[in-house]
Every structure is written in structure tokens, then in C-alpha cells.
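Below is one structure; the comments refer to it alone.
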Amino acid sequence: MDWKEFYDTRVAELDPDDHLSQVGHTVHGQPIPEDHLLALQAQMAAELQIGHSDRLLDLCCGNGIFTRPLSEQAEAALGVDFSSAMLSVARRDFPGPNLRYEELDVSDIASLSDRPEAPFSRVMMYGAWQHFDLGVGQRILEDVLSISSDDLRIVLGFVPDFDLKHNFFDTPERRAAHEAYVAAGTDAFGNWWKKDELVTIAGDLGLTCEFTDLPAKVHAARYRFNATLVRG
Ligand SMILES: C[S@@+](CC[C@H](N)C(=O)[O-])C[C@H]1O[C@@H](n2cnc3c(N)ncnc32)[C@H](O)[C@@H]1O
């Protein structure tokens, strides 16, 4: 899949104000309710434990719908994404006085060491970890360590759980459609992660790793989790 083209096209085809659909926070094609979004944002705020002196990096920030509210708790924040269409929406609809957006592929984040917001003490990736496999995921986390401070805390949010995949593909029709997409090379879901894989990567990099469930009322709680990785 060419994910950059996928997301640029999706933003171009949607209503400019349909922020939740742009970043795929939908259930059966409908944007999630406002209180579900607020619950997910509150969970990220609690797990990131952002203080006034923290410098936040949001990897794959999309249109900034999570970046903006979380940036309000930080000293400085940087959102990066490789979709120029997403970033146009972010700069227009989710700006902040201490928040900057930059077009960048996460494979290039080691280059962020010279930015004014670096070194980062809080790093998040929400709803995008499925785009990376074990090897790439490990490299991303290595690069995160190289541009971050000793008090680093990372939260990977909304990670698809390999062991709960059956809760997503929960009807024969959905399973058949998924298999057809995979066979055609157009699977828009990405990589389902095993928690053990994250524990192994984190351990190799000297990070602790803990998991939390999403708020129960959220549909995705049936097949996604959050992971918090802490340095030292
Ligand atoms: C499902 S959206 C989630 C956006 C946002 N984090 C949220 O939850 O609202 C996934 C985002 O990941 C970005 N993305 C995927 N692969 C990327 C990469 N290699 N480098 C930078 N951004 C990437 C896409 O452009 C898209 O904006």
C-alpha cells in the first residue's frame, strides 16, 4: 500500500470539516461520538503524564485532532506526518501557540534532533502503529531514543491486537472481504501486533512496557490497546 497516497486521497475526498473520518476514527463508516473522542484523548493525556516542561512529539499526527489538545499541557509540541493533505487540515483547524507541524516520514525522525522542540520527553503515536512491522517499529523506537531526553515516556495508542483480531473480523462476510483485500494487496488495516513483540522490542531498547485497555464504551476496545514505554 502507498499509505501517503491513501491518506492524501482520503482527505481530498471527504468534507474538510469531517476531522474524525479523515483520520479513520469511525465505526461502520460513521464518525465516533464526541464523548468517545474525549475519552480517548483523556486516556492519552493520563498515560503520557505531560507536565509544563515537557516537549511532546506526535508521530503520524494526521490532522492534529489529538496533537492540539495534548499540546496545551506541554511546553512545546511538534506533530509530524508524511501526508501534506493531513497537515494542511492540522495547520488550518488544529493550530496552537506552542505547536508546530512538519511534513516528514517517520523513517526520517532521527533528523529531528536539531529542531527547537528537541530533545523530546514525551512521544506518542496514535492510530498509526499498524503501518509498521516488527523491524521498522524497532528502528522507529531506536530513532525516538536518539532524539529524546532521559525522562522519556512513549505512548503507542490504538494498536491493533493480534490476539483480538477475531473481534474485528466478526462475521463471515467481514472475514471474506478482508481475505480478498489481503490477496489483492489492498488491505487498508495494516499490521496486527502481538503484545509480546512490543515487550521484546522495549526490553532490547532498555524500556519498560505496560499495556492498557481502551475505555470500555469505545467500539475499538474490543480489538485495540495502548502501550506505554518508559526509559530507564
Ligand atoms: C489513521 S491516521 C491517524 C492520525 C492521528 N494520529 C489520529 O489518530 O488522529 C494515520 C496517520 O499516519 C500517517 N502515516 C502513516 N505512515 C507514515 C509514515 N511512514 N510517516 C509519516 N506519517 C505516516 C498517515 O499519513 C496518517 O495521517
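Any idea which residue in the range 79-104 is nearest to Met124 (Cα to Cα), counting only those that are of a type in the set (Asp, Glu) and within 11 Å of the ligand (Cβ to nearest atom)?
First, the residues of the range 79-104 that are of a type in the set (Asp, Glu): 81, 93, 102-103.
Adding the requirement that they be within 11 Å of the ligand (Cβ to nearest atom) leaves 81, 102-103.
Numbers: Asp81: 12, Glu102: 15, Glu103: 16 Å.
Going through the qualifying residues, I end up with Asp81.
Return only the number of the condition from (1) under 22 Å from Lys217 (Cα atoms); (2) open to solvent by 40 Å² or more (accessible area, probe 1.4 Å) that Ala45 does not satisfy.
(2)
Taking the range 1-35, which residues are within 10 Å of the ligand (Cβ to nearest atom), among the aliphatic types (A, V, I, L, M) and assigned to a helix (DSSP H, G or I)?
Val11, Leu20
Do you know which of the residues in the range 62-104 that are within 23 Å of Arg10 (Cα to Cα) and of a type in the set (Asp, Glu) is most open to solvent (accessible area, probe 1.4 Å)?
By that ranking, first place goes to Glu103.
Out of all the residues in the range 42-50, is one or more within 9 Å of the ligand (Cβ to nearest atom) and not in a helix (DSSP H, G or I)? Explain how you work it out, then say what you get.
Filtering the range 42-50 for residues within 9 Å of the ligand (Cβ to nearest atom) gives none.
Scanning the range 42-50, I find no residue that is within 9 Å of the ligand (Cβ to nearest atom) and not in a helix (DSSP H, G or I), so the answer is no.
Out of the residues in the range 150-191 that are among the polar types (S, T, N, Q) and surrounded by 14 or more Cβ atoms within 10 Å (Cβ to Cβ), state the one that is farthest from the chain's Cα centre (by Cα). Full working, then the answer.
So the first thing to find is which residues in the range 150-191 are among the polar types (S, T, N, Q), and the list is 167, 171, 186, 191.
Those still in the list that are surrounded by 14 or more Cβ atoms within 10 Å (Cβ to Cβ) too: 167, 191.
On the way: Asn167: 21, Asn191: 13 Å.
Checked the range 150-191; the qualifying residue farthest from the chain's Cα centre (by Cα) is Asn167.
I'd like the residue in the range 72-125 that is within 20 Å of Ser146 (Cα to Cα), part of a helix (DSSP H, G or I) and touching a residue at least 24 places away in the same chain (Cβ under 8 Å) and, out of all such residues, is farthest from the chain's Cα centre (by Cα).
Ranking the candidates gives Ser113 first.
Only one of Leu38, Leu59 is open to solvent by less than 50 Å² (accessible area, probe 1.4 Å), within 15 Å of the ligand (Cβ to nearest atom) and within 17 Å of the chain's Cα centre (by Cα). Can you tell me which? Give the derivation first.
Numbers: Leu38 fails: open to solvent by less than 50 Å² (accessible area, probe 1.4 Å).
Just one listed residue meets the conditions, Leu59.
Is it the case that Thr9 is touching a helix residue (DSSP H, G or I) at 6+ places or on another chain (Cβ under 7 Å) and either under 16 Å from Ser83 (Cα atoms) or free of Cβ contacts under 8 Å to residues at least 24 places away in the same chain (or both)? Steps first, please.
Values: touching a helix residue (DSSP H, G or I) at 6+ places or on another chain (Cβ under 7 Å): no; either under 16 Å from Ser83 (Cα atoms) or free of Cβ contacts under 8 Å to residues at least 24 places away in the same chain (or both): yes.
When the stated conditions are applied, Thr9 does not pass them.
Conditions: (1) open to solvent by 40 Å² or more (accessible area, probe 1.4 Å); (2) of a type in the set (Phe, Trp, Tyr); (3) within 27 Å of Gln41 (Cβ to Cβ). Phe132 meets all but one. Number of the miss?
Here Phe132 clears every test but (1).
Looking at this structure, is Val199 open to solvent by 30 Å² or more (accessible area, probe 1.4 Å) and over 25 Å from Gln41 (Cα atoms)? Working first, answer last.
Details: open to solvent by 30 Å² or more (accessible area, probe 1.4 Å): yes; over 25 Å from Gln41 (Cα atoms): no.
No: the conditions fail for Val199.
The values are calculated or read from the model by the stated rules, or taken from the named source; none is laboratory data. Everything numeric in this text was worked out from a predicted model, so none of it was measured. Every residue, glycine as well, gets a Cβ built from its backbone with ideal geometry; the counts of neighbours run over all protein chains shown. Ligands, DNA and RNA are stripped out before the accessible areas are found, and what is left, the full protein with its side chains, is counted by its heavy atoms. Shrake-Rupley method; radii C 1.70, N 1.55, O 1.52, S 1.80 Å.
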